[in-house]
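Inspection log for the structure reproduced underneath, given as structure tokens.
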Amino acid sequence: MKHITAHVPEDLLREAMAVTNKGVAETLIEGLELVRRTRVYQKAMALRGKLDLDVDLGESRERGRADR
């Protein structure tokens, strides 16, 4: 963990805390995780149409049923 001091808009923090129903630290952590997830999503979308996957969906679906 890293201890930080930051100046943030009070109204924005209050609204975010109301949405998360959590304290200051937990709300900030949730916001930072959302930033990270957004970046990962953007990277995945940048690959859209660039990967050539050769998957037999029928075989893949059947394999899942045999495992049950």
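The values are calculated or read from the model by the stated rules, or taken from the named source; none is laboratory data. This structure is a prediction, so every number in the text was calculated from the model and none was measured. So basically every Cβ, Gly included, is an ideal-geometry build from the backbone, and we count neighbours across all protein chains shown.
Helices (runs of 4 or more DSSP H) fully within the chain that include at least 2 residues being at pLDDT 95 or above: 10-20, 24-46.
The residues of the stretch 18-45 that are of a type outside the set (D, E, K, R) and touching a Ser or Thr at 6+ places or on another chain (Cβ under 7 Å), listed by number, are Thr20, Thr27.
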